[in-house]
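The values are calculated or read from the model by the stated rules, or taken from the named source; none is laboratory data. Computed from a prediction, not measured in an experiment: that's the story for all the values here. Cβ: placed from backbone, ideal geometry, glycine included. Neighbour counts: every protein chain shown. Only protein heavy atoms, including side chains, enter the accessible area calculation; ligands, DNA and RNA are left aside. Shrake-Rupley method; radii C 1.70, N 1.55, O 1.52, S 1.80 Å.
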Amino acid sequence: MLEIKNLHSGYGKIEVLHDINILVPDCQIIGVIGRNGAGKSTLLNTISGIVKVGSGEILLDGEQILSAAHKVVRSGIIQVPEGRRIFPSLTVKENLIMGAYLVPSNAFDERLEEVFNLFPVLKERINQQSGTLSGGEQQMLAMGRGLMGNPKILLLDEPSLGLAPILFRQVFEMIVRCNQEQGMTIILVEQNARMALKMSHYAYVLEDGQIVIQGTGEELLNDERVQSAYLGASVNG
């Protein structure tokens, strides 16, 4: 279980997140929604060790995680960043190998097959240069690369960004499969608030770096404040 207590973080002297408290139980999808600039990506980057904690705690199974990004990954927390950020000059397989540097060599093939089971198109494109994939395929590759590390907790930052509706539905189906079939814990930051809340066991709304509303995904879908502010149209970031 991941627990965030009284978290403050930001960039230099600029504080972005103010007194954040979030509980992430094992094997659940936790959604985070909010407008552009609300602090959603900063939250994931702080958990990942990319942004420095100003004050407060981030605990994994009761122990404070170290803030260095490589140590966070070793603890089992892996982020799939906004904008995919694959290695376009490398093949699909080479990208997946990059995500598996902590996986023992004797477990690599098994992990690779698990990723191909979730994303069969990646197996079909295994030797294709990644920069030539479609946007949806690149998003699947970015997720597959993250999954190669066998994370305890997967952080997803705007997985539907820039995708056509039919493609982001496929991506969301894969997210649900990761959770249901592999028991993976997922923190989902997503611009499509309605879809994120439908998928989430529990969710948080960020405004100006603070949590202003929280509840189950269903509760937030039916909350008049959320409906008025976020569900009339997709949230832009």
Expected-Rg normalisation [2.2 N^0.38 Å, Cα atoms] applied to the chain: 0.98
State which helices in the chain qualify, where a helix is a whole DSSP H run, it must extend 24 Å or more along its own axis by its Cα atoms, and its mean Kyte-Doolittle hydropathy must be at least -1.0. 165-182
For the pair ILE97/ASP109, report the inter-label distance in nm, with labels modelled 7 Å from Cα in the Cβ direction. 1.6
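For the chain, what does the helix formula give at 222 nm: sum of -39500 (n - 2.57) over DSSP H segments with n ≥ 4, over the residue count, nearest 500 deg cm²/dmol?
-9500 deg cm²/dmol
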DSSP-defined antiparallel bridges as percent of all bridges, the chain, nearest 5: 55
What number results when the radius of gyration of region 90-169, computed over Cα atoms, is divided by 2.2 N^0.38 Å? 1.06
Cβ charges +1 (Lys, Arg) and -1 (Asp, Glu), total dipole of region 1-57, debye: 260
Most positive-pole-ward Cα, ILE213, CYS178, HIS201, against dipole of region 169-237 from beta carbon charges: CYS178
Quick one: dipole size for the chain, taken about the Cα centre, charges +1 on Lys/Arg Cβ and -1 on Asp/Glu Cβ, in debye to the nearest 20. 580
Fully extended, how many nm does the chain gain between GLN170 and ASN117 (0.36 nm per residue separation, minus their Cα-Cα distance)? 17.7 nm
If DNA, RNA and ligands are ignored and the probe is 1.4 Å, what is the ranking of CYS27, CYS178 by accessible area, most exposed first? CYS27, CYS178
Distance cut-off 28 Å, Cα to Cα: go down the list LYS52/LYS93; LYS5/LYS198; LYS5/LYS93; LYS13/LYS198; LYS40/LYS93; LYS13/LYS152 and report the pairs above it. LYS52/LYS93; LYS5/LYS93; LYS13/LYS198; LYS40/LYS93; LYS13/LYS152
